[in-house]
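In what follows, a structure is listed as structure tokens, so that the remarks can point back to it.
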Amino acid sequence: MKTSRGFYAGMLAGGVMLLAGGCKNNRDTGAVTTKTEQGTSNAPSSETLENKELALVRVVNAIPGEPALVIFAGDSTAFSGVGYKKATGFQEIPDDRFNFKLGSRDNPLAENRENLSGGGHYTIVAVPDQGGADKRNLRVLDDELKPVSPDKARVRVINAIPGDAEISVFVRGRADPLFDGINFKSEAGWNEFDPIVGTLEVRPQGKKNVLAREPNVKLEGGKSYTFVVAGTPAKVDIIRIEDDVAKNVSGN
């Protein structure tokens with residue numbers, strides 16, 4: 001993953017006026033440490049970003065066969081070289097209303113217009129479309145990251161498998177699902193659970209066959225976890241993101 005160093009210069013050269021996004025009242029959110037298969041990254045507190053009129057944005061590539069995504073924010077390249085099943089670290093982007101575009105600035109494969117609030121955290125998920133192999137979608141999620149109680153794990157699941165089938169997520173050996181009936185392109189909002197150790201299983205809703213497993217999962221108290229279920233109905237993958245959100249130490 002490579003972020004364009006010319007992003008801010010491009011914004012200024014284009015004469016774009018940066019307007020402050022709406023206040024999210026998220027000053028309690030301190031620095032964020034994120035872990036993915038690609039490694040560990042760090043992001044500053046929401047208060048610091050809000051004071052600088054910046055938001056944090058990351059990208060997840062959930063399109064099978066898409067080796068290196070390019071995402072534009074307005075007319076400038078924000079992310080490039082994002083391979084399938086990869087999740088980037090957060091990048092600072094001015095708080096403004098951006099038209100995010102996939103693949104091309106002038107003839108994008110998909111686009112989504114979103115207002116970024118100062119100090120906010122956002123995840124762009126690139127997903128396939130049911131309309132054909134040349135179709136794509138961009139979902140822009142407001143992460144609403146916040147410090148979590150040390151005795152609870154905060155979890156959400158995103159279904160990026162094209163089709164009409166709904167999915168459920170179980171911990172192997174438990175009768176009740178953690179999440180049930182998640183539609184394609186839908187996000188099961190944040191839920192909090194007691195800490196969990198075990199194997200996560202993705203199943204079709206109402207069925208016992210397993211589409212994908214994530215073994216040796218440890219969902220720790222005080223942390224937030226995002227699982228993007230990607231791939232095709234024949235081969236399902238799980239993309240995992242762990243966010244450890246500190247409490248803002250300034251006390252404001």
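Give a quick list of trypsin sites (Lys or Arg not before Pro) in the range 64-105 that DSSP marks as loop, anything other than H, G, I, E or B, with at most 15 other Cβ atoms within 10 Å. Can you show the working numbers first?
Values: sites: 85, 86, 97, 101, 105; in loops: 85, 86, 105.
Hits after loop and neighbour filter: 105.
Expressed in nm to one decimal, what extension gain is obtained for the pair residue 129 and residue 112 from 0.36 nm per residue of sequence separation less their Cα-Cα distance?
Numbers: separation 17, 0.36 × 17 = 6.12 nm, distance 1.40 nm.
Once the chain is fully extended between residue 129 and residue 112, it gains 4.7 nm.
Ratio of the range 186-228's C-alpha Rg to 2.2 N^0.38 Å, to two decimals? Each step should come with its number before you reach the end.
Numbers: Rg = 11.6 Å, N = 43, 2.2 N^0.38 = 9.2 Å.
For the range 186-228, the normalised Cα radius of gyration comes out at 1.27.
Counting only residues 5 or more places away or on other chains, whose amide H sits under 5 Å from the amide H of residue 186 once H atoms are built in the peptide plane?
159
Return, ordered by residue number, the residues of the range 181-201 whose backbone nitrogen is under 20 Å from a label point located 7 Å along Cα→Cβ of residue 240.
Only 188-201 fall inside the zone, counting backbone N under 20 Å.
What nm distance separates the two modelled labels at residue 172 and residue 97, each placed 7 Å from Cα along Cα→Cβ?
For the pair residue 172/residue 97, the computed spacing is 4.9 nm.
May I ask you to rank 243, 164 by accessible area, largest first, using a 1.4 Å probe over the protein chains only? Present the calculation step by step, with values, prior to reporting the outcome.
Working: 243 0, 164 140 Å².
The ranking, largest first, comes out as 164, 243.
Tell me the mean residue ellipticity at 222 nm calculated for the chain from its helices only (DSSP H runs of n ≥ 4, each -39500 (n - 2.57), averaged over every residue, nearest 500). Write down the numbers at each step before the final one.
Numbers: 2 runs with 13 residues, N = 252.
After summing the helix terms and dividing by the residues of the chain, the value is -1000 deg cm²/dmol.
Quick one: which residues, 5 or more positions from residue 145 or on another chain, have an amide H under 5 Å from its amide H? H modelled 1.01 Å from N in the peptide plane, none for Pro or chain starts.
Long-range HN contacts for residue 145: 121.
Cross-link list 152/207; 86/146; 135/247: which exceed 31 angstrom alpha carbon to alpha carbon? Could the numbers behind the result be given before it?
Details: 152/207 28 Å; 86/146 23 Å; 135/247 41 Å.
In this structure, 135/247 lie more than 31 Å apart at Cα.
For the range 178-189, what does the Karplus curve 6.51 cos²θ - 1.76 cosθ + 1.60, with θ = phi - 60°, yield as ³J(HN,Hα) per residue in whole Hz, taken in order and with x for Gly and Pro?
Whole-Hz 3J(HN,Hα) from phi for the range 178-189: 6, 9, 9, x, 8, 7, 4, 6, 9, 10, 7, x.
Divide the volume of the convex hull of the Cα atoms of the range 108-252 by its number of residues and quote the answer in cubic angstrom per residue.
Numbers: hull volume 16.4 nm³, N = 145.
Taking the convex hull of the Cα positions in the range 108-252, it is 113 Å³ per residue.
Modelling each spin label as a point 7 Å along the Cα-to-Cβ direction, I'd like the residue 104/residue 209 distance in nm, to one decimal.
3.8 nm
Please quote Rg/Rh for the range 49-181 to two decimal places, taking the Kirkwood radius as Rh and restricting both calculations to Cα atoms.
Numbers: Rg = 16.4 Å, Rh = 16.3 Å.
Here Rg/Rh amounts to 1.01.
Measure of size requested: the Rg and Dmax of the chain, with Cα atoms as the atom set and Å as the unit; please supply both.
Calculated on Cα positions, Rg and Dmax stand at 18.1, 58 Å.
The values are calculated or read from the model by the stated rules, or taken from the named source; none is laboratory data. Note that this is a predicted model, so its numbers are computed, not measured. Cβ: placed from backbone, ideal geometry, glycine included. Neighbour counts: every protein chain shown. Protein only, heavy atoms only, side chains kept; ligands, DNA and RNA dropped before computing areas. Shrake-Rupley method; radii C 1.70, N 1.55, O 1.52, S 1.80 Å.
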